[in-house]
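Step one of this worksheet: look at the structure below.
The values are calculated or read from the model by the stated rules, or taken from the named source; none is laboratory data. In this text, all values refer to a predicted model and were calculated from it rather than measured experimentally. Glycine gets a Cβ as well: all are built from the backbone with ideal geometry, and neighbour counts include every protein chain shown. Just the protein is used for accessible areas: all its heavy atoms, side chains included, with ligands, DNA and RNA removed. Shrake-Rupley method; radii C 1.70, N 1.55, O 1.52, S 1.80 Å.
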Amino acid sequence: MATDALQKTTLRVEQLGVSSQAGVDALFSELRSAADAEAAQIRGPESLEAFRVKWLGRRDGISSRISENWLKPAPPVMKKFVGAGLNQLRTALEASVESAKNSVADIETGPPIDLSLPGIERPVGTSHLIRQTYEELERIFLAIGFSVVEGPEMETPYYNFEALNIPEHHPARDNMDTFYIEGSGGHLLRTHTSPMQIRTMEKEPPPVRIIVPGKVYRRDNPDATHGFIFHQLEGLAVDYDITFCDFRGVVDYFVRALLGPKVKTRLRPSYFPFTEPSAEVDVSCHVCGGSGCRTCKFSGWIELFGSGMVNPAVYGFVGYDPKRLSGFAFGMGVDRLAMLRYGITDLQAFFQNDVRFLRQFP
Ligand code: DAH
């Protein structure tokens, strides 16, 4: 038994009745087995240190005890054998401590890494096509001095409607198919990104040149061209000297940057409560070049977005002086743009996250 072997180190060799080299060797081999068994149990830095202190510790380590109890008082004939045995034991203990140190380090850091093994390929995702489209739109407008702002998706009727010159009972509220949030005290999910026109002008003095990317919500039945969530990009430029020509110029610049230099634009009279005059921006069909095809429903033109000169009534809500300021605004459906651009026929593809679809737009 290991404990017996250890207890023997508290007595002297004569007391143990050992008087020959063979007897001494037997004592040491008993201790060696005990030490080896304990070394095999070392599992971490604490147990390693405990082992070291117990066997090699200067004050009361077993090897010190052997030196005190066995070696020093041994009769001269025995000293040689005890000394040799003790040296061997110490060497073995030190070797055990060294090798345990290495395996403890392995436990802590894991096995050594074989740098020659083939690597594991981790597939890298890409931006969603909608995000990619936003980035392109942003690049086009940032280049001419617009900056990007974002706003809350949960809005108040004031920002979503009133301050945009859409009073209660105005028919424009009906075709906005609004989601009202129950128990929110009248909050709603914004039906367009236009509320950020108001929030921005409220906070900042003119001039203002912003675009607003973001999600909008409407109570539509989902189909190939409708969803209850979709994406818009709003734009607003207000300054002391902005004319309709500036508006026309920015529209042309934007359409050419997006669809190429050959594309023509036309403004078609329209109506939005927050712009006056209002216009739909149409572009010549990028598929057939204007001669008529399925994409443009054989009209040669594609409706791209709504726009207009900011209605002076809006300035009244934000404390801007309508007599001195003027500007233009626009709002486009980003999903629609991406569909036109890439010939995608089902809006739902943007929301289903089917990787077979997503992977086509790396
Ligand atoms: N907010 C409009 C919508 O969602 C789009 C729009 C039209 C925004 C004209 C504008 C604008 O800023 O000038 O239908």
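Being free of Cβ contacts under 8 Å to residues at least 24 places away in the same chain and either touching a helix residue (DSSP H, G or I) at 6+ places or on another chain (Cβ under 6 Å) or not assigned by TED's automatic domain parsing to the domain that holds Thr193 (or both) is a property that holds for Phe357.
If you go through the range 31-63 and keep only what is surrounded by fewer than 16 Cβ atoms within 10 Å (Cβ to Cβ) and among the hydroxyl-bearing types (Ser, Thr, Tyr), you end up with Ser33, Ser47.
Would you say Asn221 is modelled with pLDDT under 95, within 14 Å of the ligand (Cβ to nearest atom) and more than 28 Å from the chain's Cα centre (by Cα)?
no
Pairs meeting the criteria (first residue in the range 125-147 and of a type in the set (Phe, Trp, Tyr), second residue open to solvent by 70 Å² or more (accessible area, probe 1.4 Å) and not in a loop (DSSP other than H, G, I, E, B), beta carbons under 9 Å, at least 6 apart or on different chains) are Phe141/Arg209; Phe146/Arg209.
For the range 287-339, the set of residues classified as part of a loop (DSSP other than H, G, I, E, B), under 25 Å from Leu137 (Cα atoms) and either at pLDDT 95 or above or within 12 Å of the ligand (Cβ to nearest atom) (or both) consists of Asn311 only. Somewhere in the range 226-236, is a residue at pLDDT below 95, crowded, with 16+ Cβ neighbours inside 10 Å and not in a strand (DSSP E or B)? Checked the range 226-236: at least one residue is at pLDDT below 95, crowded, with 16+ Cβ neighbours inside 10 Å and not in a strand (DSSP E or B). Scanning the range 266-283 for residues that are more than 9 Å from the ligand (Cβ to nearest atom), part of a strand (DSSP E or B) and touching a helix residue (DSSP H, G or I) at 6+ places or on another chain (Cβ under 9 Å) returns Leu267, Tyr271, Glu276, Pro277, Val281, Val283. Here the range 43-89 is the region considered, the condition is being part of a loop (DSSP other than H, G, I, E, B) and at pLDDT below 90, and the residue that is farthest from Ile107 (Cα to Cα) is Pro75. Selection of the range 58-93 for residues being in contact with a helix residue (DSSP H, G or I) (Cβ under 7 Å, 6 or more places away or on another chain) and farther than 23 Å from Gln21 by Cβ yields Arg58, Gly61.
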